[in-house]
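Everything on this sheet refers to the single structure shown next.
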Amino acid sequence: MIKNFNTDKTGIRFFGLSLARTLAAIFFALFTCFSSASAQKKIYVLTDLEGVSGVYKFAQTREKDSPLNIQACEYFMGDLAAVVRGLRDGGATEIIVLDGHGSQAVIPHLMEPGAKYITGKPRPRTFGLDESFAGEVQFGAHAMMGTPDGVLNHTQSSRSENRYWYNGVESGELVQAAVVAGYYGVPTIMVTGDVAVCREATKFFGPNCITVAVKEGISREAAVLYPFEETRKALYKGARKAMTAIPKCKPYILELPIKVRMEYLNLDPTLPKPVLVTKEGYIQDALHILDF
């Protein structure tokens, strides 16, 4: 009973001090745990080749291991290194780079430290991407098919000239990648490429998404190129800035089911000339946006 409780002042002070220390330890542990979790800033870098410095013709991107392609992949690694350094210096705790170009572009001996690189086939399109990432960077990107000033513009296939409309809005590979990232709640925080794809990124993702232009398109295979020293400084600064933009960027999410219209050229050699084909349908799951 309360009246029998030991009321010795020393005991009360000792008991109170012990309780206070215990509570303080618990709060400190919880704070440390939550702070550590919130401090984790994992970044997923989805790469392509057409949008890197010095690349402006399909011979550089299609013909794997040709002299032009090897050189283009070296350009790719130089640009990518600048982005990795910028992300890391901006506070990224982990960086995963996915080699997203069709014929692959990563050159292992030129890999910048501070990131992990996923390459080779077969593999899932967005291997390793999940809810744990704070943001996605679309590196070396290109504008959608039909963009007049888009260097090497295309959507999925430059040969069959695919075009896609999602819920009535024509969209390119930027949106396709962002929709998959958005499924996991991951925002697109940075896009690099030519002026046209940067304009496209701002249109779809808003002004808070950091864009870095490394060249300006004149036509599909002609461009005003910027010196590598300048583009790589800009890529580094942009990547650092992108880390501060994370709280302002929102995941890109399309209303489900996604209504799709697709146009492409049937290039069957038995036909007298290519035939334009149109397909329409619905996608029930954002993860399967590329399966249509």
### Task
Using the structure shown, decide if Asp291 is surrounded by fewer than 17 Cβ atoms within 10 Å (Cβ to Cβ), free of Cβ contacts under 8 Å to residues at least 24 places away in the same chain and under 27 Å from Ile43 (Cβ atoms).
yes
### Message
Which of the numbered conditions does Leu80 fail, given that it passes all the others? Conditions: (1) buried (at least 24 other Cβ atoms within 10 Å of the Cβ); (2) in contact with an Asp or Glu (Cβ under 9 Å, 6 or more places away or on another chain); (3) assigned to a loop (DSSP other than H, G, I, E, B).
### Response
(3)
### Query
For residues in segment 149-188 being among the β-branched types (Val, Ile, Thr) and part of a helix (DSSP H, G or I), which is surrounded by the most Cβ atoms within 10 Å (Cβ to Cβ)?
Val175
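Considering only segment 202-222, I want to know if a residue exists there that is among the aliphatic types (A, V, I, L, M), in a strand (DSSP E or B) and over 26 Å from Gly86 (Cα atoms).
Initially, segment 202-222 is screened for residues among the aliphatic types (A, V, I, L, M), giving 210, 212-214, 218, 222.
Subsequent filtering for residues that are in a strand (DSSP E or B) retains 210, 212-214, 218, 222.
Cutting the leftovers down to over 26 Å from Gly86 (Cα atoms) gives us 218, 222.
Within segment 202-222, one or more residues are among the aliphatic types (A, V, I, L, M), in a strand (DSSP E or B) and over 26 Å from Gly86 (Cα atoms).
Out of Gly146, Gly135, Gly140, Gly114, report the one residue that is at pLDDT 95 or above, closer than 30 Å to Lys273 by Cβ and either surrounded by fewer than 17 Cβ atoms within 10 Å (Cβ to Cβ) or small (Gly, Ala, Ser) (or both).
On the way: Gly135 fails: closer than 30 Å to Lys273 by Cβ; Gly140 fails: closer than 30 Å to Lys273 by Cβ; Gly114 fails: closer than 30 Å to Lys273 by Cβ.
Among Gly146, Gly135, Gly140, Gly114, only Gly146 is at pLDDT 95 or above, closer than 30 Å to Lys273 by Cβ and either surrounded by fewer than 17 Cβ atoms within 10 Å (Cβ to Cβ) or small (Gly, Ala, Ser) (or both).
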### Members of segment 57-73 found to be out of contact with any Gly (no Cβ under 9 Å at 6 or more places or on another chain) and assigned to a helix (DSSP H, G or I), listed by number
Ala59, Pro67, Leu68, Asn69, Ile70, Cys73
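Return the total of residues in segment 256-274 being acidic (Asp, Glu) and under 19 Å from Gly172 (Cβ atoms). Even if it seems obvious, please write down each step before you answer.
Step one: list which residues in segment 256-274 are acidic (Asp, Glu), which gives 263, 268.
Now drop any that are not under 19 Å from Gly172 (Cβ atoms), which leaves 263.
Number of matching residues: 1.
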### Query
In the set Gly86, Gly91, Gly54, Gly100, which member is surrounded by 22 or more Cβ atoms within 10 Å (Cβ to Cβ) and either free of Cβ contacts under 8 Å to residues at least 12 places away in the same chain or part of a loop (DSSP other than H, G, I, E, B) (or both)?
Gly100
### Query
Do you know which residues across segment 108-128 are under 15 Å from Thr47 (Cβ atoms) and of a type outside the set (D, E, K, R)?
Pro108, Leu110, Met111, Ala115, Tyr117, Ile118, Thr119, Gly120, Thr126, Phe127, Gly128
### Query
Does any residue of segment 103-111 turn out to be within 30 Å of Lys273 (Cα to Cα), in contact with a helix residue (DSSP H, G or I) (Cβ under 8 Å, 6 or more places away or on another chain) and at pLDDT below 95?
yes
### Task
Please go through segment 248-285 and pick out each residue that is hydroxyl-bearing (Ser, Thr, Tyr) and under 21 Å from Gln176 (Cα atoms).
Tyr252, Tyr264, Thr278, Tyr282
### Query
Can you pull out the residues in segment 204-220 that are touching a helix residue (DSSP H, G or I) at 6+ places or on another chain (Cβ under 9 Å) and in contact (Cβ under 8 Å) with a residue 60 or more places away in the chain?
Val214, Lys215, Glu216, Gly217
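The values are calculated or read from the model by the stated rules, or taken from the named source; none is laboratory data. What you see is a predicted model; the values in this text were computed from it and never measured. Heads up, the Cβs are rebuilt from the backbone with ideal geometry, glycines too, and the neighbour counts pull from every protein chain shown.
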